[in-house]
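Peer 1: Before I ask anything, let me first share the structure, which is written out below as structure tokens.
The values are calculated or read from the model by the stated rules, or taken from the named source; none is laboratory data. These numbers were taken from a predicted model, which means no experiment stands behind them. Cβ: placed from backbone, ideal geometry, glycine included. Neighbour counts: every protein chain shown.
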Amino acid sequence: MNQSELNRAIAAKLKRPIDDVEKLSAAFADVVIDFCSNGDSVAIPRFGTIKSVSKKEYIAVGNDGKKYLYPPKISAEFAASNILKNKVKEAANE
Amino acid sequence: MNNTILLQQLTAAIAEKAKTSNAVAEDYLRELLATVNDEIIKGNSVIIQGVGEFRPVKEGNNVDIAFVPTKSFAETINAPFAQFETVEIDDDFDDESLSDEDSMSDTLDEIIEIQKPVQITPSESDEDNFDDLIKKDEDDNIKYPEDMPAPPMAIPIVAPNIEKVETEHSEDDIPAVDNEPIVEEIPAETMGAVPPIPIAKEPESAVKEPVSEPSQDSYGYDEQPSKRFSWMSFFYGLLAGGLISTALFLWIFPPITGSNTDTDAIDAIEPELVDTVEVARDTTATVTTDSLKVDTITNKRFLATMAREYYGDPAFWVYIYEYNKESLGTRPNRIKPGTKVTIPPAEMYGINASDPNSIELAKQKAKEINKK
């Protein structure tokens, strides 16, 4: 399901215009990015936690056989809640 | 930073961002999560606008939800390190060079450098600056500020040295230097009365304006640490003396604890006490009347001590206690020093230090007494 399909599904359930839902979706994304950029984690019950994780610089050998120093990095990660995982597992086993 | 944003906070932030009410934001969030969960449970991936793609991944029995952030999300969140790039390095460069210690050592060096105390040494150029700051009156005497504290008592350390100088040197020996005060002319009793730099009140100002000192010749910055050191050493000496005297007092006059209820502890402690008691024993404590002996409880002489002396084993204190129960009360470990006790004959209670049964009986009796 892509983002437009998602917005349409939400708009239908909320019985709200699609523009409002798109505005809310944009606000949701901005808020999550803001919080994660500040180093905070966004915890959503029965779904999971979106957080930022920093990784140190490291040395590795590239495909060309040369040594490279890879810079430090902050990346966004998602940790799913056990409830969601269990539901996915149950659905997969059925 | 490092906070966990909960649903309520998230809802409020979305409402504020979208300029809508909390209720609308809450409804949106609820439907969003319900829809996304439904799709993921079905095994489908979902793309949330601006955030990224969520995809269920199954590895054997383990299930996880993979997350791939959008490009804008990844770039925004990595903004602090955006200027760094992957760099080719020499073969000599290894992971050890990237250790935290190395990076920290540079930082630590900077910190140590910053925290080094600033040492001010007077120089010719400094003297010029000081002269500008000195306020002098018409007679070329240094003018002290009105709020300057009165000079303290003379420092005795300084005076003796100056007196020696007076006796060792004559007036002819001391080279005359212009504008330098001759030591002999200054009375010894007032030499020590050098007011200190008001470092205790305004240390910074003292460093910045050293000219506030009354005399630059006999008092410099180097003397401040020694003066402080002498006060500290005096204080430590006083503290050490107090501790030593307290320890001596407690050793000579130990706290009164009476007779121990645990007879095993008595066996461990009493041997030493008995030895010392015998050396410093007060011979007037024991009075023999007819066939019964009368003894006196002291700070070093308990029922167990007497039992060991008269019966050969401290466990037999119980019989001394029982014989004198009326005067000793119900607590054998709380007998006041000076209390007289009568020592019953050993035959009365079948006391026999060489008989283990007799000792065992005495210990059992002690337990009964202690239970009461």
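Peer 1: Going residue by residue through the stretch B:290-306, is there one that turns out to be under 29 Å from B:L250 (Cα atoms) and aromatic (F, W, Y)?
Peer 2: yes
Peer 1: Against the condition part of a loop (DSSP other than H, G, I, E, B) and either at pLDDT below 85 or surrounded by fewer than 11 Cβ atoms within 10 Å (Cβ to Cβ) (or both), how does B:I256 come out, does it pass? Spell out how you get there, then give the answer.
Peer 2: Numbers: part of a loop (DSSP other than H, G, I, E, B): yes; either at pLDDT below 85 or surrounded by fewer than 11 Cβ atoms within 10 Å (Cβ to Cβ) (or both): yes.
It is true that B:I256 is part of a loop (DSSP other than H, G, I, E, B) and either at pLDDT below 85 or surrounded by fewer than 11 Cβ atoms within 10 Å (Cβ to Cβ) (or both).
The rows are residues; the columns are (1) closer than 30 Å to B:I89 by Cβ; (2) surrounded by 17 or more Cβ atoms within 10 Å (Cβ to Cβ); (3) touching a helix residue (DSSP H, G or I) at 6+ places or on another chain (Cβ under 6 Å); (4) more than 7 Å from chain B (Cβ to nearest Cβ).
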| residue | (1), (2), (3), (4) |
| --- | --- |
| A:D20 | no, yes, no, yes |
| A:V32 | no, yes, no, no |
| A:T49 | no, no, no, yes |
| A:V61 | yes, no, no, yes |
| A:G65 | yes, no, no, yes |
| A:I83 | no, no, no, yes |
| A:K87 | no, yes, yes, no |
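Peer 1: Could you tell me which numbered condition A:V42 fails, if it satisfies all but one of (1) outside any loop (DSSP other than H, G, I, E, B); (2) within 8 Å of chain B (Cβ to nearest Cβ); (3) within 14 Å of B:I40 (Cβ to Cβ)?
Peer 2: Every listed condition holds for A:V42 apart from (3).
Peer 1: Return only the number of the condition from (1) part of a helix (DSSP H, G or I); (2) of a type in the set (D, E, K, R); (3) at pLDDT below 80 that B:D91 does not satisfy.
Peer 2: In the conditions (1) part of a helix (DSSP H, G or I); (2) of a type in the set (D, E, K, R); (3) at pLDDT below 80, B:D91 misses (1) alone.
Peer 1: Let me ask something additional. Scan the stretch A:1-18 for residues that are facing chain B (nearest Cβ under 7 Å), in a helix (DSSP H, G or I) and among the aliphatic types (A, V, I, L, M) and jot them down.
Peer 2: A:L6, A:A9, A:I10, A:L14
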